[in-house]
Amino acid sequence: MALLAFGLNHTTAPLDIREKVIFGSDIVPDALLELTSQCGVEEAVILSTCNRTEIYCSLDSPQRHDLIDWFADFHGFKQAELKPFLYTHPDANAVKHVLRVACGLDSMVLGEPQVLGQLKNAYQTAVKTGSIGRLLSHLFQHSFMVAKQVRSNTAIGSHPVSIAFAAVRLAHQIFGELSSQTALLIGAGETIELVARHLHENGLKRMIVANRTLERSQQLASVFAGYAITLGDIPEHLHEADIIISSTASPLPILGKGAIETAIKQRKHRPIFIVDIAVPRDIEAQAGELDDVYLYTVDDLQEVIEKNMRNRQEAAQQASEIIDAQVLRFMQWLNSLDTVSTIRALREQASTIQQQALQTARQRLQQGIDPEQVMQEMSRSLTNKLIHAPSSRLRNVDSLRRQDLLKATWELFNLSPNIKPASKDK
């Protein structure tokens with residue numbers, strides 16, 4: 001049995017290709033059933049996200065080029081059209097790839113944890129569909145364990161590398177716990193939504209969401225039990241905010257130095273932490289000159305992110321060492337399956353020969369033949385039949401160019417070099 005992981009991702013294929021080979025969640029079960037009905041595919045799991053589409057299989061043969069044909073045909077491509085973007089990882093390399101994906105080492109954002117959840121969902125879908133068996137099940141459970149080990153034993157997840165996460169981490173450094181703080185979020189795009197999520201997860205007391213349209217503010221605020229306002233309402237609520245994070249597409253500043261100075265006076269000079277993520281900027285740069293105002297721009301956050309990325313890269317090296325060790329561990333388990341099946345086959349063959357010899361001996365005894373003679377004949381026959389096949393192979397060692405068989409025979413049968421041939425009766 002062989003393992004294979006193949007597909008494409010953000011490093012090998014542009015977006016216009018990736019979006020054409022996505023398996024929607026509604027078609028994955030049918031795709032898995034179709035895939036496992038292909039000759040030679042024993043088990044299969046499909047992982048399909050915006051950044052990658054990958055198929056993991058266990059096969060009855062290492063050579064399964066027709067799988068690429070199936071993948072291309074399923075999405076309306078010819079193999080030659082997709083081949084430049086595809087990668088294939090067989091056996092141990094497949095194991096290593098799955099472990100790297102689970103640990104976030106193969107992600108667009110190094111060390112990000114979201115892909116682990118996506119991998120778990122892919123596994124559960126395969127379980128429900130019935131396309132997964134002992135081998136892939138063990139591989140995926142192993143990958144989940146390794147991902148947990150990497151998170152526990154390295155710092156790969158402790159350094160924020162997104163703008164939203166970096167902004168919230170800075171707020172944490174300034175205020176400590178956020179359970180008594182109020183945040184004003186200006187804008188309602190993807191970045192602000194991520195900021196809101198991170199603030200909420202960090203126990204923020206109160207959230208105000210301001211956007212050009214009240215409807216959009218309400219949509220985001222309702223998710224996190226926040227209070228929705230329009231941009232025009234900001235002056236009335238500015239003094240309430242301990243944290244201000246802004247990310248709009250406005251060509252002109254949303255907040256000026258004067259408005260912030262007024263808010264500081266109303267707050268009796270309690271500090272305000274402001275992060276301006278927008279380009280062009282939403283907050284007048286002069287606001288940073290005010291006492292009790294801590295103003296950071298996207299460039300300031302970029303420095304934090306670059307530093308944290310370097311820290312993650314160091315942690316990724318540690319994670320790679322863990323993964324290499326765990327690949328060996330999994331392959332030892334996989335190879336042990338072959339050992340067990342080989343031992344079982346050997347025992348079954350020996351048992352069959354034994355039963356045949358025993359049956360012949362009983363027949364000879366029933367015929368009245370001397371028991372001593374029957375025992376001698378049975379032992380000689382049993383010995384000859386047990387060593388017939390290996391002896392025939394060994395006689396042809398030179399023609400087969402399999403000198404390794406000679407070495408293996410000495411080792412398997414624990415032969416002693418001091419054994420002398422039996423003397424013949426004169």
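Some observations on this one:
- The range 23-58, subset of a type in the set (A, V, I, L, M) and closer than 21 Å to R100 by Cβ, residue farthest from the chain's Cα centre (by Cα): A44
- M331 meets each of the listed conditions (1) within 30 Å of V98 (Cβ to Cβ); (2) touching a residue at least 24 places away in the same chain (Cβ under 8 Å); (3) out of contact with any helix residue (DSSP H, G or I) (no Cβ under 6 Å at 6 or more places or on another chain) apart from (3).
- Whichever residue in the range 202-230 is basic (K, R) and under 29 Å from Q173 (Cβ atoms) and, among such residues, is surrounded by the most Cβ atoms within 10 Å (Cβ to Cβ): R206
- Sole exception among (1) among the acidic types (D, E); (2) out of contact with any helix residue (DSSP H, G or I) (no Cβ under 9 Å at 6 or more places or on another chain); (3) in the same structural domain as P235 (by TED's automatic domain parsing) for E261, by number: (2)
- Residue match in the range 273-285 (condition: surrounded by 12 or more Cβ atoms within 10 Å (Cβ to Cβ), over 29 Å from S158 (Cα atoms) and touching a helix residue (DSSP H, G or I) at 6+ places or on another chain (Cβ under 7 Å)): yes
- Restricting V275, V279 to residues that are closer than 22 Å to N202 by Cβ and either under 40 Å from the mean Cα position of the chain (by Cα) or among the basic types (K, R) (or both) narrows the list to V275.
- Selection count where residues are touching a His at 6+ places or on another chain (Cβ under 7 Å) and surrounded by 17 or more Cβ atoms within 10 Å (Cβ to Cβ), scope the range 288-325: 2
- Where a residue in the range 290-318 is on the phi > 0 side of the Ramachandran plot and its partner, wherever it lies, is β-branched (V, I, T) and in a helix (DSSP H, G or I), with Cβ under 9 Å and at least six apart: D292/I264
- Of the residues making up the range 104-141, those that are more than 22 Å from L59 (Cβ to Cβ) and either in contact with a Phe, Trp or Tyr (Cβ under 8 Å, 6 or more places away or on another chain) or among the hydrophobic types (A, V, I, L, M, F, W, C) (or both) are L105, M108, V109, L110, V115, L116, K120.
- Top-ranked residue in the range 237-256 [being small (G, A, S) and assigned to a loop (DSSP other than H, G, I, E, B); ranked as farthest from D276 (Cα to Cα)]: A241
- Restricting the range 279-312 to residues that are among the acidic types (D, E) and modelled with pLDDT under 90 leaves a set whose member that is farthest from S247 (Cα to Cα) is E306.
- Counting only helices (runs of 4 or more DSSP H) wholly contained in the range 105-201, the ones carrying 3 or more residues that are assigned by TED's automatic domain parsing to the domain that holds T213 and either buried (at least 17 other Cβ atoms within 10 Å of the Cβ) or not β-branched (V, I, T) (or both) occupy 163-175, 190-201.
- Matching entry among G256, G232 (being among the small types (G, A, S), touching a residue at least 24 places away in the same chain (Cβ under 8 Å), in the same structural domain as L170 (by TED's automatic domain parsing) and out of contact with any Gly (no Cβ under 7 Å at 6 or more places or on another chain)): G256
Listed here are the residues, each with its yes/no results for (1) touching a residue at least 40 places away in the same chain (Cβ under 8 Å); (2) in contact with a Lys or Arg (Cβ under 8 Å, 6 or more places away or on another chain); (3) among the polar types (S, T, N, Q).
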| site | (1), (2), (3) |
| --- | --- |
| D16 | no, no, no |
| E19 | no, no, no |
| S25 | yes, no, yes |
| L35 | yes, no, no |
| G40 | no, yes, no |
| L47 | yes, no, no |
| S58 | yes, no, yes |
| A72 | no, yes, no |
| K83 | no, no, no |
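The values are calculated or read from the model by the stated rules, or taken from the named source; none is laboratory data. Quick caveat, the model's predicted, so the values are computed rather than measured. Cβ atoms come from the backbone with ideal geometry, glycine included; neighbour counts cover every protein chain shown.
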